[in-house]
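Working notes for the structure below.
What follows draws every value from the coordinates through simple rules; no lab data is involved. None of these values were measured; they are calculated from a predicted model. Glycine gets a Cβ as well: all are built from the backbone with ideal geometry, and neighbour counts include every protein chain shown.
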Amino acid sequence: MNENEMRLDPLRQTWTVFSAARATKPLLQPRRDNGKCFSPLAAGQERLTPPSVYEKKAGDRWQVRVVPNRAPAFRVEGDTQRRADGFYDRMDGVGAHEVIIESPNGSALENLALPEICQVVTAWKVRMLDLTCDNRMRAFFVLKNAGEAAGGQVPHSVSQLVAMTLIPLSLQQKLEVARDFFERKKRSIFEDILAEEVRTTKRLVYENNGFAVFCPYASRTPFELAIYPKRQCADFHGVTDQEIAQLADVLKTALQKLNASLDHPAYNLMLFTAPTRTTRRDHWNTLDQDFRWHIEIMPRLFPEGGFELGTGCHLNSVWPETAAEYLRKAEV
């Protein structure tokens, strides 16, 4: 068996990633040292991680580091061609998987000062731009698993950058909806959603000049949040320095409001951005007009059950209007 392999489910048209590195717990695991939680990602423990691919320093001390994931779902080596395996299809698990260490002392993202959050967002942008230079890569995601219930495996505050050689179904469905909406109405569905949320304010949690935070109309989980940029931009790596500062502000505010309302819940943060363009003219040729990069934050208050897995529907006990009102009132 290959160390990294992807297999296509022919019925659902979804890919499963098989990674030998994920068979055991990663080496970067929390342990107890003299009663204190030891973090191998903290400043002074650099020998315990792979060499940095990016660092932002203040003097002789790093503030943000990016390192290859020691238990990667994807590796840069391999063949990107899909191959038949009897009736089925498979391919090597080619891609990139990096860890953004958000601070030298492990402070939660929302507890960092705004300039420090800007450094984290800048690291996302810089590394994404670098990975786009590899013309094999098509789709990019920033992912953050905060807390054990959300899949967090280290005591340090980190996020991850994943690059894939194909466009997975989760992103492809959004691209197709956005394209079809644009073809029918000649405007972006993201613009219409944003305009509705800002107009009604019923589900709006916070906004500044560059971004709006709201509870989606059909929220999948209690207190789910969406962050939309107000400027049309398909690619996250197209953000300006001013927008990075504005995004730092909404991230800090949104996460602090969740902490105040739900007592520091575990959550998954997912950043979606447009795939790279190909030289051939394909059906993604209106991406710059119809798609907009965005962020989704899902608190992990309850595990998924048979209802969600079987029906494909989400079950939520908290209406987004109620959640938004509660979050707006939360003092941070």
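One table, with the values for the structure above:
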{"quantity": "Zone residues, segment 311-332, relative to N208, backbone N less than 18 Å from point 7 Å out along Cα-to-Cβ", "calculated": "328, 331-332"}
{"quantity": "Residue-wise HN-Hα coupling along segment 136-143, computed from phi with Karplus coefficients 6.51, -1.76, 1.60 (Hz; x: Gly, Pro)", "calculated": "6, 7, 10, 10, 9, 9, 9, 10"}
{"quantity": "Three-way shape label, segment 157-207, alpha-carbon gyration tensor, a/c 1.5", "calculated": "oblate"}
{"quantity": "Mean Kyte hydropathy of -0.5 or more with a Cα span along the axis of at least 18 Å, helices from DSSP in the chain", "calculated": "114-131, 241-262"}
{"quantity": "Amide proton proximity set for F18, modelled H, under 5 Å, gap of 5+", "calculated": "E5, M6, R7"}
{"quantity": "FRET E, pair E77, L143, Förster distance 25 Å, beta-carbon r, rounded to 0.05", "calculated": "0.70"}
{"quantity": "Filter on K202/K252; K186/K257; K125/K186; K252/K329; K144/K186; K56/K230 - keep pairs with C-alpha separation over 25 Å", "calculated": "K186/K257; K125/K186; K144/K186; K56/K230"}
{"quantity": "Amide H partners (placed H, <5 Å) of Q63, local residues excluded", "calculated": "K56, K57, A58"}
{"quantity": "Centre separation in Å (Cα based) which lies between segment 269-332 and segment 80-106", "calculated": "22 Å"}
{"quantity": "Burial ordering of V213, V250, fewest other beta-carbon atoms within 10 Å first", "calculated": "V250, V213"}
{"quantity": "GNM flexibility winner over the chain from I117, I100, I189 (Cα, springs under 10 Å)", "calculated": "I189"}
{"quantity": "Per-pair calculated FRET efficiency, R0 = 30 Å: Q256 and D180 via Cβ, rounded to 0.05", "calculated": "0.20"}
{"quantity": "Shape call, segment 212-332: gyration tensor on alpha carbons, a/c limit 1.5", "calculated": "oblate"}
{"quantity": "FRET efficiency estimate (nearest 0.05) - Cβ-Cβ, H264 to D192, R0 41 angstrom", "calculated": "0.75"}
{"quantity": "Chain lengthening between K329 and D9 when straightened (0.36 nm per residue, less Cα-Cα)", "calculated": "110.7 nm"}
{"quantity": "Structure-based [θ]222 nm, the chain - -39500 (n - 2.57) summed over DSSP H runs of at least 4, per residue, nearest 500", "calculated": "-8500 deg cm²/dmol"}
{"quantity": "From phi via Karplus (6.51, -1.76, 1.60), per-residue ³J(HN,Hα) for segment 292-304 in Hz, x at Gly/Pro", "calculated": "9, 4, 6, 10, 10, 10, 10, x, 9, 8, 9, x, 5"}
{"quantity": "Calculated P(r) over Cα pairs in 10 Å bins from 0, in percent (choose from [x] 5, 23, 34, 27, 9, 1, 0; [y] 6, 29, 39, 23, 3, 0; [z] 5, 18, 23, 22, 16, 8, 4, 3, 1, 0), label", "calculated": "[x]"}
